[in-house]
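**Student:** Pasting in a structure now, in structure tokens, and then I'll have a few things to ask.
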Amino acid sequence: MNVQRIAYTRAVALPGILQQRIVILDGAMGTMIQREKLTEADFRSARLADHPKDLKGNNDLLVLTRPDVIERIHEQYLAAGADIVETNTFGATSIAQEDYGLAHLAREMNVAAARLARQACDRYSTPDRPRFVAGALGPTPRTASISPDVNDPGARNVSFDELRAAYREQAQALLEGGCDLFLVETIFDTLNAKAALFALDELMEETGQGLPVIISGTVTDASGASCPGRRWARSGTRCAMPARWPWA
């Protein structure tokens, strides 16, 4: 089978590096933020002082209200040897931000997050050791495959098109902010993942940009099936339990 190779316009050196050595991805952002012991005021700042909803725990918002914290965490991972740092955008889609009443800030969050990671990577990059920014697209708090109502299996609280549009907005903002590759991460619903990949494909086709794409999936069933029951093709996954693949 002939596989068409994508001509990358960013992270051009990454495939070659992967052939030579193990590339190190940064670690968790959430636990690092917890160590900062931030308060509601940190999440709000003066800009959102009068916002009607509680904002503590909206970690993605910190790229706007406490960018110093996020950039410091990026630098700590880079200093520890990370080759790739993920943007602090796990929940920065308009869909996820609706829970906080901040869907209108989703695009701004993603641009700011990518720029913070870009600045940190540029400070640590050398000709012999380039560092890369992975634009992170999280799963959103909604699933296109599972009903939120146990009494109505056909019910859905989000559509494929709504997911695609939200991912497209996020990806375009991450691209604008300077990411080198995309990470569709912690996927538990492969239909959500398809929406994200569809949006990325659209974006790269329309912009002429070619970026590597990594998919990080969470397998939560001993049979190797994701939560909605779909099987994964042979690929790398981030697992919630020991990896004992029946197809490996």
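The values are calculated or read from the model by the stated rules, or taken from the named source; none is laboratory data. None of these values were measured; they are calculated from a predicted model. With ideal geometry, Cβ positions are generated from the backbone for all residues, glycine too; neighbour counts draw on all protein chains shown.
**Student:** Given the criteria in contact (Cβ under 8 Å) with a residue 60 or more places away in the chain, surrounded by fewer than 19 Cβ atoms within 10 Å (Cβ to Cβ) and farther than 25 Å from Pro15 by Cβ, does Ser159 qualify?
**Tutor:** Spelling it out, it is not the case that Ser159 is in contact (Cβ under 8 Å) with a residue 60 or more places away in the chain, surrounded by fewer than 19 Cβ atoms within 10 Å (Cβ to Cβ) and farther than 25 Å from Pro15 by Cβ.
**Student:** Kindly establish whether Val158 is aliphatic (A, V, I, L, M), farther than 23 Å from Leu203 by Cβ and over 14 Å from the mean Cα position of the chain (by Cα).
**Tutor:** For Val158, the condition - aliphatic (A, V, I, L, M), farther than 23 Å from Leu203 by Cβ and over 14 Å from the mean Cα position of the chain (by Cα) - is not met.
**Student:** Name every residue in the range 114-161 that is farther than 30 Å from Gln76 by Cβ and touching a Lys or Arg at 6+ places or on another chain (Cβ under 7 Å), in order of residue number. Steps first, answer last, please.
**Tutor:** Filtering the range 114-161 down to residues farther than 30 Å from Gln76 by Cβ leaves 142-161.
Across the range 114-161, the qualifying residues are Ala144, Ser147, Asn157, Val158.
**Student:** Assess whether Gly177 counts as being more than 17 Å from Gln209 (Cα to Cα) and crowded, with 20+ Cβ neighbours inside 10 Å.
**Tutor:** Details: more than 17 Å from Gln209 (Cα to Cα): no; crowded, with 20+ Cβ neighbours inside 10 Å: yes.
When the stated conditions are applied, Gly177 does not pass them.
**Student:** Just checking, which of Ser145, Ser94 is among the small types (Gly, Ala, Ser) and surrounded by fewer than 20 Cβ atoms within 10 Å (Cβ to Cβ)?
**Tutor:** Result: Ser145 is the single residue among Ser145, Ser94 that is among the small types (Gly, Ala, Ser) and surrounded by fewer than 20 Cβ atoms within 10 Å (Cβ to Cβ).
**Student:** What residue, among those in the range 109-156 that are without any contact (Cβ under 8 Å) to a residue 40 or more places away in the chain, in a loop (DSSP other than H, G, I, E, B) and charged (D, E, K, R), is nearest to Gly16 (Cα to Cα)? Even if it seems obvious, please write down each step before you answer.
**Tutor:** Step one: filter the range 109-156 for residues without any contact (Cβ under 8 Å) to a residue 40 or more places away in the chain, giving 122, 125-128, 147-156.
Right, trim to in a loop (DSSP other than H, G, I, E, B) and you get 125, 127-128, 147-156.
Filter again for charged (D, E, K, R), leaving 128, 149, 152, 156.
On the way: Asp128: 13, Asp149: 47, Asp152: 50, Arg156: 43 Å.
Here the residue is Asp128.
**Student:** Taking the stated definitions as given, is Phe188 aromatic (Phe, Trp, Tyr) and farther than 22 Å from Asp83 by Cα?
**Tutor:** yes
**Student:** Additional query: Please go through the range 1-24 and pick out each residue that is outside any loop (DSSP other than H, G, I, E, B) and surrounded by 11 or more Cβ atoms within 10 Å (Cβ to Cβ).
**Tutor:** Listed by number, the residues that qualify are Leu14, Pro15, Ile17, Leu18.
**Student:** Can you pull out the residues in the range 113-131 that are more than 10 Å from Thr89 (Cα to Cα) and touching a helix residue (DSSP H, G or I) at 6+ places or on another chain (Cβ under 6 Å)?
**Tutor:** Arg115, Leu116, Ala117, Ala120, Tyr124, Arg131
**Student:** Sticking with this structure for a sec: Given the condition assigned to a loop (DSSP other than H, G, I, E, B) and either modelled with pLDDT of 95 or more or over 26 Å from Ile17 (Cβ atoms) (or both), answer yes or no: does some residue in the range 193-204 qualify? Write out each step before concluding.
**Tutor:** As a first pass, look at the range 193-204 and keep what is assigned to a loop (DSSP other than H, G, I, E, B): none.
No: the range 193-204 contains no residue that is assigned to a loop (DSSP other than H, G, I, E, B) and either modelled with pLDDT of 95 or more or over 26 Å from Ile17 (Cβ atoms) (or both).
**Student:** Select, from Ala92, Ala106, the only residue that is farther than 30 Å from Pro15 by Cα, hydrophobic (A, V, I, L, M, F, W, C) and either touching a residue at least 12 places away in the same chain (Cβ under 8 Å) or part of a helix (DSSP H, G or I) (or both).
**Tutor:** When all the criteria are applied, what remains is Ala106.
**Student:** All but one of (1) buried (at least 20 other Cβ atoms within 10 Å of the Cβ); (2) among the basic types (Lys, Arg); (3) not in a loop (DSSP other than H, G, I, E, B) hold for Arg72; which doesn't?
**Tutor:** (1) is the only condition that Arg72 fails.
**Student:** Could you pull out the residue among Leu55, Leu14, Leu18, Leu25 that is over 18 Å from Phe132 (Cα atoms) and either in contact with a Pro (Cβ under 6 Å, 6 or more places away or on another chain) or of a type outside the set (Gly, Ala, Ser) (or both)? Walk me through it before giving the result.
**Tutor:** Values: Leu14 fails: over 18 Å from Phe132 (Cα atoms); Leu18 fails: over 18 Å from Phe132 (Cα atoms); Leu25 fails: over 18 Å from Phe132 (Cα atoms).
Result of the check over Leu55, Leu14, Leu18, Leu25: Leu55.
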